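This report concerns only the one structure given below.
The values are calculated or read from the model by the stated rules, or taken from the named source; none is laboratory data. Only a predicted model underlies this, so the values are computations on that prediction, with no experimental measurement involved. Don't worry about glycine lacking a Cβ; one is built from the backbone with ideal geometry, like all the others, and counts go over all protein chains shown.
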Amino acid sequence: MTNIVLLGGNGYIGRYTTENWLKKDKTANFYVISRSGNNKLKHPNLYNYQADVTDYQAVRKLLPEKIDYIIDFIGRPEKDAAKFKQVNNLPAEVMLKIAKEKQVKAMGFIGGQLGPKSFLEGKQKIGSQLQASGIPTVIVEPTVVYGGDRSDALAKLVPVFKVLGLFVKNMKPVHVDQVSNEMVSKMTAIN
């Protein structure tokens, strides 16, 4: 049986990744660790835990003995460098420490192609550090993600992004299923 840890996995992309992975492997177990511990998804193979994902010890005590894959879904733009580190770098550092300790098959990371320059550069730097660890790392870098149950202000701008995407590649929106399926297919291709 496959054990998958999702840091921040009860968010938008994390939920769809879980659903798509379960379609591919109905026996996979998901350990979703987030600030809230709340998840819209309900499934017998889904375990939701509340913890500070920047705290290695807090996360570590919730994990099963064997982990096959771990994915970091956490991140957002922050102007302040200290806040950026707290929100983006620290969860990735926790993931890497767990990945090394548990000798996972692969790590997953959500980067980005659209956003403030500091955010894109910061995510790229984190991705490079993860890849340099020697642990196979899948990085998915979407632009604007839409579809499914997303109905915020950004989702309402998807038609505009579709037109802009005809002229500027990194403005072309991508459906959440495309993003989640890319993560699942690349992760499961690593043995």
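Tell me, please, whether a residue that is farther than 23 Å from L90 by Cα and among the small types (G, A, S) can be found in the stretch 165-174. Looking through the stretch 165-174, at least one residue is farther than 23 Å from L90 by Cα and among the small types (G, A, S). Read through the list (1) at pLDDT 95 or above; (2) not in a strand (DSSP E or B), then give the number of the only condition that G9 fails. Going through the list (1) at pLDDT 95 or above; (2) not in a strand (DSSP E or B), G9 breaks only (1). Search the stretch 112-145 for residues being of a type outside the set (V, I, T), in contact with a strand residue (DSSP E or B) (Cβ under 6 Å, 6 or more places away or on another chain) and buried (at least 17 other Cβ atoms within 10 Å of the Cβ), and hand back the single one that is farthest from K97 (Cα to Cα). Checking each candidate, the answer is P142. Listed by first and then second residue, the pairs with beta-carbon distance under 7 Å, at least 6 apart or on different chains, first residue in the stretch 159-184 and within 16 Å of Q113 (Cα to Cα), second in a loop (DSSP other than H, G, I, E, B) and of a type in the set (G, A, S), are H175/G147; V176/G147; V176/G148.
Within the stretch 90-105, is even one residue acidic (D, E), in a helix (DSSP H, G or I) and over 22 Å from M171 (Cβ atoms)?
Going through the stretch 90-105, the residues acidic (D, E) turn out to be 93, 101.
Imposing the further condition that a residue be in a helix (DSSP H, G or I) reduces the set to 93, 101.
With the extra rule that they be over 22 Å from M171 (Cβ atoms), the set shrinks to 93, 101.
Looking for residues that are acidic (D, E), in a helix (DSSP H, G or I) and over 22 Å from M171 (Cβ atoms), one finds at least one in the stretch 90-105, hence yes.
Filtering the stretch 165-177 to residues that are in a helix (DSSP H, G or I) and crowded, with 16+ Cβ neighbours inside 10 Å leaves G165, M171, V176.
In the stretch 146-164, which residue that is surrounded by 13 or more Cβ atoms within 10 Å (Cβ to Cβ) and within 20 Å of the chain's Cα centre (by Cα) is nearest to D25 (Cα to Cα)?
We begin by selecting, within the stretch 146-164, every residue surrounded by 13 or more Cβ atoms within 10 Å (Cβ to Cβ); these are 146-148, 150, 154-155, 157-158, 161-162, 164.
From what is left, the residues that are within 20 Å of the chain's Cα centre (by Cα) are 146-148, 150, 154-155.
On the way: Y146: 25, G147: 23, G148: 21, R150: 25, L154: 32, A155: 30 Å.
Among those that are surrounded by 13 or more Cβ atoms within 10 Å (Cβ to Cβ) and within 20 Å of the chain's Cα centre (by Cα), it is G148.
Contact annotation: residue pairs with Cβ atoms under 7 Å, 6 or more positions apart or on different chains, pairing a residue in the stretch 86-113 that is under 17 Å from Y69 (Cα atoms) and at pLDDT 95 or above with a partner that is of a type in the set (S, T, Y) and in a helix (DSSP H, G or I), are V94/Y56; K97/Y56.
When you check N38 against the structure, is it exposed (fewer than 14 other Cβ atoms within 10 Å of the Cβ), out of contact with any helix residue (DSSP H, G or I) (no Cβ under 8 Å at 6 or more places or on another chain) and either charged (D, E, K, R) or part of a loop (DSSP other than H, G, I, E, B) (or both), yes or no? Outline the logic, then answer.
Details: exposed (fewer than 14 other Cβ atoms within 10 Å of the Cβ): yes; out of contact with any helix residue (DSSP H, G or I) (no Cβ under 8 Å at 6 or more places or on another chain): yes; either charged (D, E, K, R) or part of a loop (DSSP other than H, G, I, E, B) (or both): yes.
So N38 fits the description; yes.
Of all the numbered requirements in (1) out of contact with any Ser or Thr (no Cβ under 8 Å at 6 or more places or on another chain); (2) over 25 Å from L22 (Cβ atoms); (3) part of a loop (DSSP other than H, G, I, E, B); (4) not polar (S, T, N, Q), P142 misses one, and that requirement is (2).
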